[in-house]
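The next block holds one structure in the form of C-alpha cells; read it before the comments.
The values are calculated or read from the model by the stated rules, or taken from the named source; none is laboratory data. Model, not experiment: these values are computed from the prediction. Cβ placement follows ideal geometry from the backbone for every residue including glycine, while neighbour counts extend to all protein chains displayed. Ligands, DNA and RNA are stripped out before the accessible areas are found, and what is left, the full protein with its side chains, is counted by its heavy atoms. Shrake-Rupley method; radii C 1.70, N 1.55, O 1.52, S 1.80 Å.
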Amino acid sequence: NFRGASLPVHPPLSAMAAPEKTGGSVTEECVDSASPTSLGAPMELNIMRLSGDETLLTVPQDLKLYDFKTLLAEHGILDERLQVEFLLDGVPLQQNPEMTLMELGADGSCPLMVVKKRGYDYSRITKFEHEVLSERWPQGVLTTQEGLLHVCHFQGELMVFSPELVLVSKQILPREVVNPSQMQMAPNGDLVFACSRTGGATAAVVDPKTMEVKRFLNAEGGRGLGLALRGGIVYLSYGGRLSDGEKRGCVVALDFETGEVVQTFRGFAKPTGLCVANDQLLVSDRGA
C-alpha cells in the first residue's frame, strides 16, 4: 500500500515568488491564431503580473490551459517548470489543463492575473523521456543545479551522469555507509545518505570529493529508508512492524550540524520515501 502524509516543515517556504521589479509596463504581442493546437477565433487578453507589468496577447479562444502555460513561458511571463495560479477578478481559475480559456471564463473582458509560485508543477510530467543504465538495485537519485545526476545503489556504488546522461564517474561509498537508499545534497555540497549502522538508522554525511564520511546523524532502531533536507534540518525515516502488528516506523528531524533530534513523528509502518514540497514533508508509507 501507499500512503501520502504531509507534515509541517520548518522553516516554512514562501508561497509566492517575489515581484520581479517595481513599476509597470505594457507590451503588446500577437499569437498566430492558426496554430496546430488551436483554430478558434482570436481574442485579446490582458495578462497582469504582481510586478505591475501587463502584456496584451492575442490568442485563440479555444486555446487549452496546458498550451496557454507553454505560450506564457515562451513570452517570458512565467517559468513553465513552476506552479502558477490564474486569477480573474480575484477568483482563482480551475487548473484543468484540457479546458479552453473560454470554458474557464477567460474571454478577454477583464485582466488575467498570473501569480507565480515557488513549487514545481509536477502535473506537466506525462511520460518517460530517457532511460539510464546503472548498476544493480538503484536506491536513490538526486540532480544538482549543474544538471548532474547522482545514483546510489544498495551495495554502495555511486554513479554520476552528465546533463546529457553520459557516465562521468563511478565510485564506491565508504564501508560504513551500509545499504544507502535516499540521498540529498546539503547546502555546503556534502552528500547525505539514508543508511544503516549497528544500533539503528543513520544519515551519513559524505565529502563528495574524497568520499570520506564526515559524520553520522543517528536515529533509533531500524534501517534508514527515506531522507529529505530543508533549511538545516535532515528528515530521516526508518520503520517496520513489531510481531504484534504495532507500527514502529518513524520520521526523525535532525539538526544537520549537531545531529540533535529536533522532532519525531510516529505512527508509520514503513516510511520508505520522503520529499519536501510546497511547505510540506511528504511521506510514502509502504506498510500502511
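Among residues belonging to region 254-288 that are small (Gly, Ala, Ser), part of a strand (DSSP E or B) and in contact (Cβ under 8 Å) with a residue 60 or more places away in the chain, point out the one that is nearest to Val205 (Cα to Cα).
Gly273
Among the listed residues Arg223, Arg215, Arg230, which satisfies the condition of being open to solvent by 40 Å² or more (accessible area, probe 1.4 Å), within 21 Å of the chain's Cα centre (by Cα) and among the basic types (Lys, Arg)?
Result of the check over Arg223, Arg215, Arg230: Arg230.
Out of region 250-288, which residues are among the aliphatic types (A, V, I, L, M), out of contact with any His (no Cβ under 9 Å at 6 or more places or on another chain), open to solvent by 20 Å² or more (accessible area, probe 1.4 Å) and closer than 18 Å to Leu217 by Cβ?
If the condition is that a residue be among the aliphatic types (A, V, I, L, M), out of contact with any His (no Cβ under 9 Å at 6 or more places or on another chain), open to solvent by 20 Å² or more (accessible area, probe 1.4 Å) and closer than 18 Å to Leu217 by Cβ, then Val261, Val276 are the ones that fit.
Output yes when any residue across region 64-72 is modelled with pLDDT of 85 or more, more than 32 Å from the chain's Cα centre (by Cα) and within 18 Å of Glu103 (Cα to Cα), and no when none is.
The answer is no; no qualifying residue exists.
Residue under question is Thr202, and the condition is that it be open to solvent by less than 10 Å² (accessible area, probe 1.4 Å), among the hydroxyl-bearing types (Ser, Thr, Tyr) and at pLDDT below 95; does it hold?
Taking the combined requirement at face value, the residue satisfies it.
Against the condition crowded, with 16+ Cβ neighbours inside 10 Å, at pLDDT 90 or above and within 25 Å of the chain's Cα centre (by Cα), how does Leu101 come out, does it pass?
Working: crowded, with 16+ Cβ neighbours inside 10 Å: yes; at pLDDT 90 or above: yes; within 25 Å of the chain's Cα centre (by Cα): no.
Spelling it out, it is not the case that Leu101 is crowded, with 16+ Cβ neighbours inside 10 Å, at pLDDT 90 or above and within 25 Å of the chain's Cα centre (by Cα).
Would you confirm, using the coordinates I've provided, whether Phe193 is among the aromatic types (Phe, Trp, Tyr), open to solvent by less than 90 Å² (accessible area, probe 1.4 Å), more than 19 Å from Val276 (Cβ to Cβ) and in contact (Cβ under 8 Å) with a residue 24 or more places away in the chain?
When the stated conditions are applied, Phe193 does not pass them.
What residue, of Ser51, Ser35, is modelled with pLDDT of 75 or more and touching a Pro at 6+ places or on another chain (Cβ under 9 Å)?
Criteria check complete, one pass: Ser51.
Can you give me the number of residues within region 53-74 that are open to solvent by 40 Å² or more (accessible area, probe 1.4 Å) and in contact with a helix residue (DSSP H, G or I) (Cβ under 9 Å, 6 or more places away or on another chain)?
Total meeting the criteria: 1.
Which condition from (1) open to solvent by 30 Å² or more (accessible area, probe 1.4 Å); (2) over 21 Å from Gly259 (Cβ atoms) is the one that Gly156 breaks?
(1)
Applying the selection to region 171-189, what residues are open to solvent by 40 Å² or more (accessible area, probe 1.4 Å), in contact (Cβ under 8 Å) with a residue 12 or more places away in the chain and under 16 Å from Thr210 (Cβ atoms)?
Hits for region 171-189 are Gln171, Ile172, Arg175, Glu176, Met185.
When you scan region 127-140, do you find a residue that is modelled with pLDDT under 90 and either among the polar types (S, T, N, Q) or not in a loop (DSSP other than H, G, I, E, B) (or both), even just one?
yes
Quick check: anything in region 104-118 closer than 26 Å to Pro187 by Cβ, open to solvent by less than 90 Å² (accessible area, probe 1.4 Å) and not in a strand (DSSP E or B)?
Checking region 104-118: not a single residue is closer than 26 Å to Pro187 by Cβ, open to solvent by less than 90 Å² (accessible area, probe 1.4 Å) and not in a strand (DSSP E or B).
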